[in-house]
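Here is the structure we will look at.
Taken together, the values in this text are just the output of simple stated rules run on the coordinates, not laboratory data. What you see is a predicted model, and the numbers here were worked out from it, not measured in a lab. With ideal geometry, Cβ positions are generated from the backbone for all residues, glycine too; neighbour counts draw on all protein chains shown.
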Amino acid sequence: MPEDIIRCDACPVLCYIKRGMTGACDRYANHEGQLVRVDPQLVLDRAKSHGAPLVRFLGPDRDWDGGVVKGSEAFVTAIGAGTTYPDYKPAPFIVSSEIDGVDTVTVVTEGIFSYCGVKVKIDTDRHLGPERNLVRAQGEPVGHVTTGEYGSQMLSLGGVTHLTGGTKKEGRVTCETLLDCCNRKPVELAIDDGARIIVEAGKPPIVNGAREERMRVGCGSAAIGMFARQWFGKVDEVIVVDDHITGVLSEHQAGKLLGVRETGVRIKGRRSTPGRYFQVAEPGAGWGGTNITDPLSIIDPFKPNLAWPHLRLLMVSTTGEQFAYYELDESLRPIEQQLPETLAESVARIRENCEPALSTVLFMGGAGGSLRAGVTDNPVKLTRSVKHRFTRVTCGGAPVYVWPGGGITFMVDVTLVPENGFGYVPTPALVAPIEFTLKLEDYAALGGHTDHVRPLSSLLANGRNGESAQNGGVSASPPKSSEKAPR
Ligand code: SF4
């Protein structure tokens, strides 16, 4: 090999990198003949000094003073640590420190996740597309619409099938989409037979060009329960239009308790329980996530034996964005009137109770594979240690939820991970920081690479971690049992 070229072995792509150039993922470079990880190793104290958003990492049993690190302790994240993949050598950094007099080890690596994806929660009532329909980016299938949640539509993006099971382009676009979602960039998606949306973690979603402002106050039935008292005496009937559960005040338990008189209103759709109706219309981008623009289209003529002329009817959507007020004429037909001031207040109250609509992105990855070999000689012991909570798992310092059952399948809110904490390799797969923190004695007991433990001070003193990346994080100096981390 020519002298000015080195080979990166941090992932299976095995790039040849010329002097002064970077590899395919832009994470590694040839700096004066040395393989270096180009992003700085992120230690949370450093992030703090730069004003980057920080997260708590200590357990709930500890007092938290509002700072991200306790006392003078720094926490070494895996961001910028480098990779060992597949993990045929110890993790890039196995760092010792002392916490409350206990010798502790944090094993950090930038894991390469072929099995990963994101779950996207989009706070909107608007129908984005039928469940199970494909979600596309740049025309490529990258995920699907999954089960809707309370006031939110859900997408499941990525996963090994899209990354590896389709065409090369599908895998590449899926990887790019996941990376942008995780690094909190705006991502444009199109849903088959549905909407075009732009999602950006922590920002309002944009649905068909319209920026979503409010997450609904609740379903139609819940809205009746919440506001029945405010309507009582000011109006005779209220219908809260919702694609899922439309509520009707006079029939609803909340109305019954207040003694609201029967009105003879007749709702189209399927009656579930008194005052709660399903399927009053088709899903859409109209009132309450239905396809209607005229609310009267969901009611049939009033029952003449129960209704009366001048009956006052309020129809409102679950966000309070759409509303209409009617009074029945002598033939019991609803005639639209201006909303009385007394009711305008209650409609405003619905809007006030809606939370700001956001897009939320959770990264989900499986760390129960070869990545464990970078931590211990006996991988299953790490899995058990995580399950028994002897080992704490974090992602760029952010707390994660580890799924019960086999493996180490975790989820993390990407807005808690320091910015640009995620990367990729062209295999294609996502690179995500992962840290395992445990007591030194537990680390030894699970067959950890104790001969590779290095003090945190050696990491902070070494401005460039290129040597470590090349050497798989092996410290040249003999290991010390622990060291108090510096400020
Ligand atoms: S893609 Fe990145 S990590 Fe993989 S071999 Fe190339 S430079 Fe190294």
For this session: Let me have the relative contact order for the stretch 132-259, percent, based on Cα pairs under 8 Å that are six or more residues apart.
Result: 16
Exercise. Where the centre of each part is set by its Cα atoms, how far does the stretch 213-230 sit from the stretch 241-310, in angstrom?
Worked result: 14
Seminar exercise, completed: Output for the stretch 137-287 (equivalent-ellipsoid semi-axes, sqrt of 5λ from the C-alpha gyration tensor, Å, descending) is 42, 15, 12
Exercise. Treating the beta-carbon of each Lys and Arg as +1 and of each Asp and Glu as -1, no other charges, what is the dipole magnitude of the chain about its Cα centre, to the nearest 20 debye?
Worked result: 680
Exercise. Phe232 to Arg19: extension gain in nm, 0.36 nm per residue of separation minus the Cα-Cα distance?
Worked result: 69.0 nm
Exercise. How far, in nm, would the chain grow between Arg333 and Arg266 when pulled straight, counting 0.36 nm per residue and subtracting the alpha carbon separation?
Worked result: 22.9 nm
Exercise. How large is the helix-only mean residue ellipticity at 222 nm for the chain, computed as the sum of -39500 (n - 2.57) over DSSP H runs with n ≥ 4, divided by its residue count, in deg cm²/dmol to the nearest 500?
Worked result: -4500 deg cm²/dmol
Seminar exercise, completed: The computed P(r) of the stretch 335-430 puts the percent of Cα pairs beyond 16 Å at 69
Problem set entry | Whole-number percent relative contact order across the stretch 1-43, with pairs defined as alpha carbons under 8 Å at least 6 apart | 28
Seminar exercise, completed: Taking only the Cα positions of the stretch 262-367, the convex hull volume per residue in Å³ is 152
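Too long at a 20 Å Cα-Cα cut-off: which of Lys121/Lys185; Lys121/Lys169; Lys89/Lys381; Lys89/Lys168; Lys119/Lys203?
Flagged as over cut-off: Lys121/Lys169; Lys89/Lys168.
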Problem set entry | Estimated distance in nm for a label pair at Glu352 and Thr164, the labels positioned 7 Å out from Cα along Cα-to-Cβ | 5.5
Problem set entry | For the chain: span of alpha carbons on each principal axis (Å, largest first) | 94, 50, 38
Exercise. Put a dot 7 Å past each Cα toward the Cβ at Phe278 and Lys303; how far apart are the dots in nm?
Worked result: 2.3
Seminar exercise, completed: Cα extents of the stretch 202-285 along the principal axes, largest first, in whole Å, come to 43, 26, 17
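Taking every pair of Cα atoms in the stretch 391-457, average 1/r, invert it to obtain the Kirkwood radius, and report Rg/Rh to two decimals.
When Rh is taken as the Kirkwood radius, the ratio is 1.01.
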Problem set entry | Among 368-375, 341-348, the order from most to least packed when residues are scored by Cβ within 10 Å on average | 368-375, 341-348
Exercise. Got a sec? Charge dipole of the chain, +1 on Cβ for Lys and Arg, -1 for Asp and Glu; which of His244, Pro92, Ala78 is way out at the positive end?
Worked result: Pro92
Seminar exercise, completed: PRE zone check, label point 7 Å out along Cα-to-Cβ of Asn291, amide N under 17 Å, scope the stretch 130-155, hits 130-131, 133
For this session: Consider all pairwise Cα distances in the stretch 198-337 and report the whole-number % of them above 21 Å.
Result: 41
Seminar exercise, completed: Ranked output for segments 187-194, 162-169, 118-125 by mean other Cβ atoms within 10 Å, highest leading, reads 118-125, 187-194, 162-169
Exercise. Based on the Kirkwood radius over alpha-carbon pairs, what value in µm²/s does the Stokes-Einstein equation return for the translational diffusion coefficient of the stretch 70-160 at 20 °C and 1.002 mPa s?
Worked result: 128
For this session: Express the relative contact order of the chain as a whole percentage, based on alpha carbon pairs under 8 Å and six or more residues apart in sequence.
Result: 22
